[in-house]
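Derivation of every value follows stated rules applied to the coordinates shown; laboratory data play no part. Quantities reported herein were computed from a predicted structural model and do not represent experimental measurements. All Cβ positions, even for glycine, are placed from backbone atoms using ideal geometry, and neighbour counts span all protein chains on display.
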Amino acid sequence: MIAVRRLLFAFATVVLAAIAASLFFVVVTVNGVTYLHIVQISLLMLCCLWLAWGFNTALAGIVTPVATPKSADKNWRGDNRTAVLMPVYNEDVHAVFARVASMIDGIREIGKLSQFDFYILSDSTRPENVEAERRAYDLLLSEMAVAGHLYYRHREQNVGRKAGNIADFVTTSGGAYEYMLILDADSLMRPTTMVKMVARMDADPEVALLQTQPLIIGRRTPFGRALQFSAALFSPIFSRGIAALQGREGPFWGHNAIIRVRAFAASCGLPTLKGRPPFGGHILSHDYVEAALLARAGYKVRVDPDLQGSYEEAPSNIVEYAKRDRRWCQGNLQHGRLLGAPGMKLWSRVSLIAGIMAYVASPIWLLFLIVSLLDPVLAPEPNYFPANSLFPVFPRPETNKALLLLFGIFVLLLLPKTLITFGSAFSARRRQFGGAGRVFAGASVELIITSILAPIMMMFQSKAVAEILIGADAGWPSTDREDGSLPLGAAFRASWWMVVAGAIVLLATYSYAEDLIYWTLPIALPLVAAPFLITLSGDPKLGDLLRRIGLFETPFEADPEPVIRDAAIWRRRLAALDPPASPEKAAIGGTEVLPDPA
């Protein structure tokens, strides 16, 4: 059944892309074929394949009912032990330990703390961070009386980065646990969801990895709030589409997922790729590779979209988002070297290709736009009196087909979100977002914001791909997760080259292809205004205004659940209890001994 479903999905994707490419072929070659036309058509075909892939995923999620796997969720009485792992790297210490404290409180409240141990696995390189982590660890031990259930370890050498951090835990302490629930430093999870995940793993020994759909919380800026709203409204539906096609080869997004430790230890030893970064060295985007290795070993990898109460944060401005995206881009492009790995399941290879296309699509679009602008400039003068004709031959515009193509691309882009918006506005789900009016308003403004910012995001991703192709390594920069404002000067330094590119496009179009000037404005104007748009979209005060008028309201913002409220309380409490580190203490390094959990 799953094979038939995947075949229909792939067939529909190819057919939609082929229809778009054929319409475009008719439009651009009506008066003759050039080499630029062939390039244009090829690029558009690739772009439309990617658009159709997302379109069909969303449709699969819309038509697939919510399925809850049969398990012992409510009556679970298992005694298997689970390690909850939170890898950290130069993070806000109080925020990290507050999240851990709130989850421990919740697990203890429902009487399951005896089955869970929590680990803060530090790869921090700044001495002040390491010292602050140790102080916060000591504070939680004394304040919560959780000795034996809370551990802290700091690695001096960050071998393998996050994947190496997890591997180090598996090697040194993994044998004491049946499962490990992997979080990110910004992750937060409802305690009852954690228990459900363990129950579902117990119910099906073939499942080696169970992934939840993390939703974004805690954002104040317009950019962050738009991401937060979009994730809450649309992501669960897209996840249902992924689940409808996953079979035994589902996704792993690197966090907010539970893994069977022995299966992971036996199957997921990651290779060090030959050569130097960015394509060689340690695998950055380890998650999809680990999912593929578990599937290759015969285990099930699964996402369960019905599991709620799984949260994360996100960068609050475009510059921080692009910095994180740059690292993910490099990791995903590395996957090209793994596509021919022996024994890998076909759908795992497809997932790796989809991950690569998530980043390659932007430079493909950019190349398509560049070639489309060059076409009228480099096109030969029309020959109205060809030698094989007794009468003049005039150009034939294909306006109807051009409009049909444009309409079709807009359908691929907008129809899934439109259907989800209407489905949410006219169902009980609307109450979670403050009513139908706020659903429509939020979805409309989110569409406007993402459309305006799309050229900026395209340029950032295209730059990332170009840097990787010329051999530039992104490294592993820490992420600033705070909602501080972004000054105009910093935004300009990050995007001045976009301003130049947008101005060149406008000037060249006006000079050489004036008829296309209106078509270039939606792309060129946001690029010219990029510093202002980046600053405005990253302004917390403007985000607070949007919240006051009820825009982008999400269910967990309107009515925060206990684990979210408790994390905020613990953060204030730790800030009050933890005095600033002295310069002498901040300079101390060293490695904390990881207690034996057995």
- Query: Which aspartates and glutamates does Lys541 reach when only Cα atoms under 15 Å apart count, and residues fewer than 8 places away in its own chain are ignored?
  - Reply: Glu482, Asp483
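Arrange the peptides 164-173, 79-88, 515-524, 3-12 so that the one whose residues have, on average, the most other Cβ atoms within 10 Å appears first.
Working: 164-173: 18.9, 79-88: 21.4, 515-524: 14.9, 3-12: 13.2.
Highest mean packing first, the order is 79-88, 164-173, 515-524, 3-12.
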- Take the alpha-carbon centre of the range 330-349, take the same for the range 78-143, and report the distance between them in whole Å. 34 Å
- How large is the convex hull of the Cα atoms of the range 497-536 per residue, expressed in Å³ as a whole number? 44 Å³
- Could you calculate, for the range 76-145, the ratio of the Cα radius of gyration to the Kirkwood radius, expressed as Rg to Rh? 1.02
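Which whole number of Å³ per residue matches the convex hull of the alpha-carbon atoms in the range 466-549? Can you show the working numbers first?
Numbers: hull volume 11.7 nm³, N = 84.
That works out to 139 Å³ per residue.
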- Could you tell me how many degrees, from 0 to 90 and to the nearest 10, lie between the Cα long axis of helix 191-203 and the main elongation axis, the longest principal axis, of the Cα atoms of the chain? 90 degrees
- Kindly work out what percent of the DSSP beta bridges joining two residues of the chain are antiparallel, to the nearest 5. 30 percent
- Message: Can you give me the angle between helix 161-173 and the longest principal axis of the chain, using Cα atoms only, in degrees from 0 to 90, rounded to the nearest 10?
- Response: 30 degrees
- Task: Obtain the radius of gyration and the Kirkwood radius of the chain from its C-alpha atoms and give Rg over Rh.
- Result: 0.99
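Among the listed pairs Lys300/Lys463; Lys196/Lys300; Lys196/Lys417, which are separated by more than 25 Å between their Cα atoms? Kindly include the intermediate steps, with their values, before the conclusion.
Working: Lys300/Lys463 37 Å; Lys196/Lys300 17 Å; Lys196/Lys417 30 Å.
The answer is Lys300/Lys463; Lys196/Lys417.
Would you work out the charge dipole size for the chain about its Cα centre, treating the Cβ of every Lys and Arg as +1 and the Cβ of every Asp and Glu as -1, and quote it to the nearest 20 debye? Don't skip to the answer; put the middle values down first.
Working: 56 positive and 52 negative charges, 243 e Å.
In debye, rounded to 20, the chain gives about 1160.
Taking a temperature of 4 °C and a viscosity of 1.567 mPa s, what whole-number D in µm²/s does Stokes-Einstein yield for the range 76-233 with Rh from Kirkwood over alpha carbon pairs?
78 µm²/s
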- Note on the structure: Loop-resident GluC sites (Glu not before Pro) in the range 167-249 with no more than 16 other Cβ atoms inside 10 Å, DSSP not H/G/I/E/B, are Glu206
- Rounded to the nearest 10 degrees, what's the angle between the helix 346-378 long axis and the longest principal axis of the chain, both from Cα atoms, 0 to 90? 30 degrees
- Query: Dipole size in debye (nearest 20) for the range 31-184 around its Cα centre, Lys and Arg Cβ +1, Asp and Glu Cβ -1?
  - Reply: 460 debye
- Net charge near Leu346, counting Lys/Arg +1 and Asp/Glu -1 over other residues with Cβ under 12 Å of its Cβ? +4
- Message: Between the range 453-475 and the range 485-527, what is the separation of their alpha carbon centroids in Å?
- Response: 17 Å
- Message: Just to confirm my numbers, what's the Cα centroid distance between the range 287-309 and the range 8-73 in Å?
- Response: 26 Å
- So, with +1 on the Cβ of K and R and -1 on the Cβ of D and E, and no other charges, what is the size of the charge dipole of the range 285-352 about its Cα centre, to the nearest 20 debye? 460 debye
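Say R0 is 60 Å: what FRET efficiency, to the nearest 0.05, do Tyr512 and Arg77 get from their beta-carbon distance? Don't jump to the answer; show the numbers that get you there.
Working: r = 74 Å, r/R0 = 1.24.
It comes to 0.20.
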- Hey, what number do you get for the chain at 222 nm if only DSSP H runs of n ≥ 4 count, each worth -39500 (n - 2.57), divided across all residues, to the nearest 500? -19500 deg cm²/dmol
- Order of Arg260, Arg431, Arg571 - criterion: other Cβ atoms within 10 Å of each residue's Cβ, fewest first: Arg431, Arg571, Arg260
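Hey, could you grab the Kirkwood Rh for the range 1-124? Inverse mean 1/r over distinct alpha carbon pairs, Å, one decimal.
Values: mean 1/r = 0.0495 Å⁻¹.
For the range 1-124, the Kirkwood estimate is 20.2 Å.
Among Asp186, Asp544, Asp539, which comes first, then next, by fewest other beta-carbon atoms within 10 Å?
Asp544, Asp539, Asp186
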- Message: Within a 10 angstrom radius of the beta carbon, how do Asp473, Asp105 rank from fewest other beta carbons to most?
- Response: Asp473, Asp105
